[in-house]
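Structure, as structure tokens:
The values are calculated or read from the model by the stated rules, or taken from the named source; none is laboratory data. Because the structure is predicted, anything quoted here is derived from the model rather than measured. Note that each Cβ is placed from the backbone with ideal geometry, even for glycine, and that neighbours are counted across all protein chains shown.
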Amino acid sequence: MTDDGASAFALVDKIINRYGGERGTLIQILLDVQKENRWLSGESLEHIAERLHVPLPRVYEIATFYKAFSLTERGRHLVTVCLGTACHVRGAPTLLDRISRKLGVKSGGTSSDGRFTLLTVNCMGCCALGPVIAIDESYFSNPSNSDFDRILGQYK
Amino acid sequence: MNKLASAQDLENLRQRVAEGNKAGVTLSLCCGTGCGANGSKKVFDALSAELAKRGLRNVTVKRTGCHGFCERGPILIVFPSEICYLSVTPERIPEIVSKTVENGLVVEDLVWRDGGKLFARHSEIPFYAHQKRRLLANNTVLDPTDINDYIGCGGYAALARALFSLTPQQVIEEIRKAGLRGRGGGGFPTATKWEATRSAADPVKYVVVNGDEGDPGAYMDRSLLEGNPHSVLEGLLIGAYAVGAAQGYFYIRQEYPLALENARRAIAQAEEKGLLGDNILGSPFSFRVGIHQGAGAFVSGESSALLSAIEGHVGEPRLKYVRMSESGLRGKPTTLNNVETWANVPLIVAKGADWFSSAGTAASTGTKIFSLVGKVRNTGLVEVPMGATLRQIVFDIGGGMQNGKTFKAVQTGGPSGGCIPAQHLDAKVDFDTLAGLGSMMGSGGMIVMDDDSCMVDVARYFVDFLKEESCGKCLPCREGISEMSSILNRIVKGQGKPDDLDFLEDIAVLLSEASLCGLGSSAANPVMSTLRYFRKEYEEHIFQKRCSALACKSLIAFHIAAAKCTGCGLCRKQCPVCAIGGVAKSAHRIDQALCIKCGVCLEVCPSKFGAVTKMSPASSLANLQKQ
């Protein structure tokens, strides 16, 4: 491995080492890498498979089964719209439509300036405040059209 | 931090903490996820700054977990007077500190008021007064990040009692006598599970906390893990002692970052105190706990799937030829209980089975936490004795419907449950009654719906949810749900066929009889229960292309009444697709071909004009325009 390669995976290695390189912790390792990098690149998955001595298809099986993982690069901020039941009956689908139009992307897409990726989630457990959205780890209850513009402006 | 080497050490610490808590005023600020979203962090900063400015050193501010009344957060309770302030903002803090903290007076416009009457004390507010808060009781007084706080409230005394006064068998007997049934939804007797694991031959056993809480519309477990993580950990420790396990796991979904953080911290603090590790409190019992973070898959909350996930595999269910109590995690005997089930255990061991079963019904004992959400006035977390009626929960605690609307149904049991209509509002909420009504207790989601909620759309919502979440391993679930989804999606688009309802019923039978796990076998429940109580709505969608709730986009149209429209232009400016035409001060008109039915025009039209209306079927608009 070249020096460049080693530094590219320094973070991934640090995470693997934190879990003692144990195979059973594959999901936890992927979650941490996802959190740090906001996505899982093909190279990082190959590297993890190699380090843990796990077949690459198994790493892909996990990375594609769970919703938390993304195999494509995400925007700098995640806009997550909750579609849980309580949010649904209080108008989450309409809110999602509006946000989707504002960002110019469908769920899963990243805005052209790379600032935002729009995601949906089945429940964030903030049901009393529905409909709820989260931007990164901050939650907002039923933002109106103008609220949403103001909130988005805070994220560069 | 010194380790606690005996039950006496624990008791001494409890006394010291309790003594310290008596002095001065304590301000308990809810910093659960709900109040956090409403700005409790800023309130905390303002509070700290104000107290420092006034030099009030004997006032303690506690950042607690969820108080439950999420609708009106951030919530601040002043102890010992128990004055409870709702919807607190940073700007109001100086007034609260000067009036209440320094002079014991009430800031009247920040307390609950109903019909001209003020309810200043926390326990007087109807939302709380009609509850029986046992599991949630300490959420208003505990700092979940400080193990001493939990110990000061008598925490870990149940563990000490189990370790030094009861045999494992006696612990199981106490749980059996209490009648504790699983709070995750199934209602299986907890003691029977424990006994089976205990009597399994393999000496290596595991205990696991199921904190996956995948049901949309439910956040009971989240609030327990965030607000009182030690109660769950203590329950797990007692369970481990009873079944003979030396290792346990918390499985918590990654959508709950604060729950993960607080559970992690609780485990670390318990280790430092010697409440986890070798020879706990000086007894022969040793136990360790790990945390597994879920990665976002509803089906992984199913017991066998959850254990697969902890082993590092994809979280798919397995066939359960062999019970988990004989061969569970890594092939070893395993007891898996839901968060709320574990949190009940210390209460039972500390206060006894008779105390526990003094609340509830004969077959469903104790209390249950529900997330009361949707179209009800007071949304939040409520804890009631099993057997309370739906009416008591929705109307006495929940304060009835929002905006003067009419109650239509309450959805319980998540995607495996069903919708219960108004004629059953006096039904008792317990495991068996709800099942008899075609729904289920589930983990405790209670989503209240009014006339604006379309029951066909609700059924479609759950079926689409399950279609997405089905792991696809078994054919009946994968194909059956998918077929149901396409039928329901056709119906809500006004393309339903006369024999669709019979076909839905056929698929429901197939799903319930042939699916591998509970996800598939219960998947038809939302459809069957809405068909049972709201068949007329389905028929209206199919035959008249009408959605009486005005919720299904394809079946509605928006209309501006020319007689009421003053041409103010608000709707025209806000319409995202420029479908509204008209000049200032003359009536506007919606171009139906362009309209995407987003509803912005209805939302922004000032109520004094009320010119925009929704109607269904969409064809009725044509008739209106002809007139």
*Of all residues in the range B:388-404, how many are part of a loop (DSSP other than H, G, I, E, B) and surrounded by fewer than 20 Cβ atoms within 10 Å (Cβ to Cβ)?*
2
*Do we have any residue at all in the range B:440-450 that's under 23 Å from B:G398 (Cβ atoms), assigned to a helix (DSSP H, G or I) and touching a strand residue (DSSP E or B) at 6+ places or on another chain (Cβ under 8 Å)?*
no
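Residues are listed down the side, and each one gets a yes or a no for (1) without any contact (Cβ under 8 Å) to a residue 40 or more places away in the chain; (2) surrounded by 21 or more Cβ atoms within 10 Å (Cβ to Cβ); (3) within 24 Å of A:A86 (Cβ to Cβ):
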| residue | (1), (2), (3) |
| --- | --- |
| B:T406 | no, no, yes |
| B:S416 | no, yes, yes |
| B:H424 | yes, no, yes |
| B:V456 | no, yes, yes |
| B:I491 | no, yes, yes |
| B:L504 | yes, yes, no |
*asked:* Quick test of your reading of the structure: B:S586 fulfils all but one of (1) surrounded by 14 or more Cβ atoms within 10 Å (Cβ to Cβ); (2) of a type outside the set (A, V, I, L, M); (3) more than 14 Å from chain A (Cβ to nearest Cβ). Name the failing condition by number.
replied: (1)
_Yes or no: the range B:116-137 includes at least one residue that is without any contact (Cβ under 8 Å) to a residue 40 or more places away in the chain, part of a loop (DSSP other than H, G, I, E, B) and in the same structural domain as B:R16 (by TED's automatic domain parsing)._
yes
*Going by the structure shown, is A:V89 buried (at least 23 other Cβ atoms within 10 Å of the Cβ) and either among the charged types (D, E, K, R) or not assigned by TED's automatic domain parsing to the domain that holds A:H47 (or both)?*
yes
*Answer with yes or no whether B:L466 is under 27 Å from A:V121 (Cα atoms), in a helix (DSSP H, G or I), out of contact with any Cys (no Cβ under 6 Å at 6 or more places or on another chain) and modelled with pLDDT under 95.*
yes
_Filtered residues of the range B:72-86 (kept if surrounded by 14 or more Cβ atoms within 10 Å (Cβ to Cβ), touching a residue at least 40 places away in the same chain (Cβ under 8 Å) and either in a strand (DSSP E or B) or not charged (D, E, K, R) (or both))_ = B:G73, B:P74, B:I75, B:L76, B:I77, B:V78, B:F79, B:S81, B:C84
*Take the range B:57-71 and flag every residue that is of a type in the set (K, R) and either outside any strand (DSSP E or B) or within 22 Å of the chain's Cα centre (by Cα) (or both).*
B:R57, B:R63
*asked:* Can you list the helices (runs of 4 or more DSSP H) lying wholly within the range A:54-126 that have 2 or more residues being within 13 Å of chain B (Cβ to nearest Cβ) and polar (S, T, N, Q)?
replied: A:92-103
*Within the range A:1-18, restricting attention to residues that are surrounded by 15 or more Cβ atoms within 10 Å (Cβ to Cβ) and modelled with pLDDT under 90, which residue is farthest from B:I252 (Cα to Cα)?*
A:A8
_Conditions first: (1) over 23 Å from B:F431 (Cα atoms); (2) touching a residue at least 40 places away in the same chain (Cβ under 8 Å). B:G217 passes all but one, so which condition is the exception?_
(1)
*Within the range B:33-56, track down each residue that is away from chain A (no Cβ under 14 Å) and assigned to a helix (DSSP H, G or I).*
B:V43, B:F44, B:D45, B:A46, B:L47, B:S48, B:A49, B:E50, B:L51, B:A52, B:K53
*asked:* When the residues of the range B:195-219 are narrowed to those that are in contact with a strand residue (DSSP E or B) (Cβ under 6 Å, 6 or more places away or on another chain) and within 14 Å of chain A (Cβ to nearest Cβ), which ends up surrounded by the fewest Cβ atoms within 10 Å (Cβ to Cβ)?
replied: B:Y206
*Select from the range A:127-142 the residues that are more than 9 Å from chain B (Cβ to nearest Cβ), of a type in the set (A, V, I, L, M, F, W, C) and farther than 24 Å from B:K597 by Cβ and list them in ascending order.*
A:I135
*Does any residue of the range B:481-493 turn out to be among the β-branched types (V, I, T) and closer than 21 Å to B:P216 by Cβ?*
yes
*Residues within the range B:220-262 that are part of a helix (DSSP H, G or I) and either away from every other protein chain (no Cβ under 14 Å) or more than 27 Å from A:M124 (Cβ to Cβ) (or both), tallied*: 15
*Pair list, Cβ < 8 Å and 6+ apart or interchain, from the range B:436-447 residues that are farther than 15 Å from B:L425 by Cβ to residues that are in a loop (DSSP other than H, G, I, E, B) and hydrophobic (A, V, I, L, M, F, W, C)*: B:M441/B:V429; B:G442/B:A218; B:S443/B:A218; B:G444/B:A218; B:G445/B:A218
*Residue tally, condition in contact with a Lys or Arg (Cβ under 6 Å, 6 or more places away or on another chain) and within 14 Å of chain A (Cβ to nearest Cβ), over the range B:591-609*: 1
*asked:* Condition check: closer than 25 Å to B:V299 by Cα, touching a residue at least 40 places away in the same chain (Cβ under 8 Å) and more than 9 Å from every other protein chain (Cβ to nearest Cβ). Does A:R38 satisfy that?
replied: yes
*From the list B:L336, B:L306, which one is touching a His at 6+ places or on another chain (Cβ under 9 Å) and crowded, with 24+ Cβ neighbours inside 10 Å?*
B:L306
*Which of the residues spanning the range B:9-32 are part of a helix (DSSP H, G or I) and either within 14 Å of another protein chain (Cβ to nearest Cβ) or in contact with a Ser or Thr (Cβ under 6 Å, 6 or more places away or on another chain) (or both)?*
none
*Could you count how many residues in the range B:463-482 are crowded, with 18+ Cβ neighbours inside 10 Å and more than 14 Å from every other protein chain (Cβ to nearest Cβ)?*
5
*Considering only residues of the range B:349-390 that are away from every other protein chain (no Cβ under 14 Å) and basic (K, R), which is farthest from B:G34 (Cα to Cα)?*
B:K351
*For the range B:296-312, enumerate the residues that are of a type outside the set (S, T, N, Q) and more than 7 Å from chain A (Cβ to nearest Cβ).*
B:V299, B:G301, B:E302, B:A305, B:L306, B:L307, B:I310
*Just need a number here: residues in the range A:123-156 that are among the aromatic types (F, W, Y) and closer than 16 Å to A:A86 by Cα.*
2
*Which ones in the range B:282-293 are assigned to a strand (DSSP E or B) and either under 15 Å from A:L31 (Cβ atoms) or small (G, A, S) (or both)?*
B:G290, B:I291, B:H292, B:Q293
